[in-house]
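The values are calculated or read from the model by the stated rules, or taken from the named source; none is laboratory data. Worth saying up front: this structure is predicted, and the values here are computed from it rather than measured. Glycine gets a Cβ as well: all are built from the backbone with ideal geometry, and neighbour counts include every protein chain shown. Just so you know, the surface numbers come from the protein's heavy atoms only, side chains and all, with ligands and any DNA or RNA stripped out. Shrake-Rupley method; radii C 1.70, N 1.55, O 1.52, S 1.80 Å.
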Amino acid sequence: MEEYFSAVSKMEQTVMFPSLLRGISLDKLDDPTEADSGSKDLYEYFMQLKSIKGMVEGGLAPLEGRDPSIAVRLREQEDREKADLEGFFYYHVSNLYRILNQLTRRADAVTTKYNEIMCQINRN
């Protein structure tokens, strides 16, 4: 998680003009599982990564503030998970690490691409 926060913080410090990221697609990363890479531009990734960082730092919103159907599904899931807490913990933590790894690579890619854009601008 520390790597993710570090990568996003570096991205936020580097990207001084986020509007330069509009309309530029994120090149495919090394991971073929990045299925939605072509559907968003770098600006959308920039905003998404900042938003996720804020959500992780601030914690999840209480169940009362969510759609009632979501709250019911979450409570049902909690009841199922009580049977095998260790198994569900491992499952969720391993998925969290996988997702944070992908998000870290995206933040690094946005930072690298922004630096390339700035180099091109400075050459002209």
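Assessment of the stretch 77-92 against the conditions (outside any helix (DSSP H, G or I) and either open to solvent by 70 Å² or more (accessible area, probe 1.4 Å) or over 17 Å from Arg22 (Cα atoms) (or both)) yields no matching residue.
With respect to being surrounded by 11 or more Cβ atoms within 10 Å (Cβ to Cβ) and at pLDDT 90 or above, Phe17 falls outside the description.
When Lys82, Lys53, Lys40 are checked against the criterion of being modelled with pLDDT under 95, under 15 Å from Ala7 (Cβ atoms) and basic (Lys, Arg), a single residue qualifies: Lys53.
Here is a yes/no grid of residues against (1) outside any helix (DSSP H, G or I); (2) over 30 Å from Leu26 (Cα atoms); (3) among the polar types (S, T, N, Q):
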position	(1), (2), (3)
Arg73	no, yes, no
Asn95	no, no, yes
Ile99	no, no, no
Arg105	no, no, no
Asp108	no, no, no
Ile121	no, no, no
